[in-house]
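The values are calculated or read from the model by the stated rules, or taken from the named source; none is laboratory data. What you see is a predicted model, and the numbers here were worked out from it, not measured in a lab. Here the Cβ is made from the backbone with ideal geometry for all residues, glycine too, and neighbour counts use every protein chain on show. Surface areas here come from the heavy atoms of the whole protein model, side chains and all, with no ligands, DNA or RNA. Shrake-Rupley method; radii C 1.70, N 1.55, O 1.52, S 1.80 Å.
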Amino acid sequence: MHFTDAHQHYWRLDRGDYDWLTPQLSPLYRDFEPVDLAVQLNSCGIGATVLVQAAATEAETRHLIALAKQHDSIAGIVGWVDFARVDVGGRIVRLTQEGGGVIKGFRPMIQDIADPLWLDRAALDAAFDELVAADLSFDALVTPRHLEPLRRRLLKHPGLRAVLDHAGKPDITGGVDSPAFDTWALQLELLARETPICCKLSGLLTEATAGADTAALDPYVAHIFACFGPGRVLWGSDWPVLTLRARYEQWFEMARALVRRHAPGAEQAVFATNAQRFYRLGVGD
C-alpha cells in the first residue's frame, strides 16, 4: 500500500522570505530539504507528497516548482499568490503555467493576517473566482476565529475545492472542557454541513502539549470524522513543523491508530485516495 502525505514543507533559510521563521523557533530554524525526509517517506510507505508553501512570496512558489522538477516524490504543490492584488488572476495563470501541471492550488497565510475578517473582503473575489475557473484548490490556513468568515467565503463560491488545514488549529492544550473546544466544535460542524470543504488530519500535535498521546487527540479526531466523514479527511504530516512534537513515523502511526478507531476500513481513503482525488494528483492511475 502506497500512501500520500497531503501536507509537508521544505525550506532553505538563506532564501530569506520566511517572515514567521525566527531563531526563537530554534528546532525549525535550519534548512529542511528533500534529502532530510527521504528515509521517513520510504519507511512509512509514502509514495507521494503535497508540498505546501511556507513563505508569502511568489519567489518561494517558484523555488518549490524547481524542487518538484528534481524530486519525483513531490506530486503537487500548493503555492502562494497575493489574493488582494488587482492582477491576481494573471498571476495565478502565470505561476500555474510555470509549474507545468504541478501547481494544484494556492494558500494565503490567513493565520498571520491581522484582520480576522480578511476573508470577507470583496477585493478577494477575483482570486477565488480564478481558482474555480482554473480548477485549482484553496488551502485554508486558519485558526478557530476564522472559521465563520471562512464559511461565508465558501458559500459565495460553491464550485471551489477547499480544504481546511490542520482542522482549523483547535487549542488542544485547553482540553475538551474548555469553552474554546465548544466554539471550535460548533464552527467545524457548521462548516462541514454547509459547505463541501475537506479537512486535513494534520498539525494536531503542534496544538497539543509536548508529549501528548492519542488519548489527548482522540476527542478532536472523533469530532473531525463525525463532521466530515472518512471521504473528506486527508492525512498530512505537517513536517517539519511536526518535529517540534514528534518524529514523522510517530505521528504516522498515531494517526493510523486514530483512523482505525474512528473510521474503520477507511485507511486507504484517508492516507491516499482522498488526497489524490482532491488535489488531482494522478497518483496510482
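Quick check on the chain: helices-only [θ] at 222 nm, where DSSP H runs of length 4 and up contribute -39,500 (n - 2.57) each and the sum goes over total residues. Nearest 500, please.
Computed ellipticity for the chain at 222 nm equals -11500 deg cm²/dmol.
With a ≥ b ≥ c the root eigenvalues of the C-alpha gyration tensor of the chain, is it rounded (a/c under 1.5), prolate (a/b larger than b/c) or oblate?
rounded
Could you pull out every residue, at least 5 positions away or on a different chain, whose amide H is within less than 5 Å of the one on CYS199? Hs are placed 1.01 Å off N in the peptide plane, and Pro or chain starts have none.
Sorted by chain and number, the residues that satisfy this are LEU164, VAL233, LEU234.
Per residue, how much accessible area does the stretch 153-285 have with a 1.4 Å probe, in Å²?
38
If you keep only loop residues by DSSP, which trypsin sites (Lys or Arg not before Pro) in the stretch 201-275 have at most 16 other Cβ atoms within 10 Å of their Cβ?
Numbers: sites: ARG232, ARG245, ARG247, ARG256, ARG260, ARG261; in loops: ARG245, ARG247.
Answer by residue number: ARG247.
Once Lys and Arg get +1 and Asp and Glu get -1 on their Cβ, which of ALA222, ALA185, THR195 lies farthest toward the positive end of the dipole of the stretch 165-285?
Result: THR195, furthest along the dipole toward the positive end.
Under 23 Å between C-alpha atoms is the cut-off here; go through the chain and count lysine pairs that meet it, provided they're at least eight residues apart or on different chains.
6
When the accessible area of the stretch 106-207 is computed with all protein chains present and a 1.4 Å probe, what percentage of it is carbon and sulfur?
Here carbon and sulfur together make up 55 percent of the probe-accessible area.
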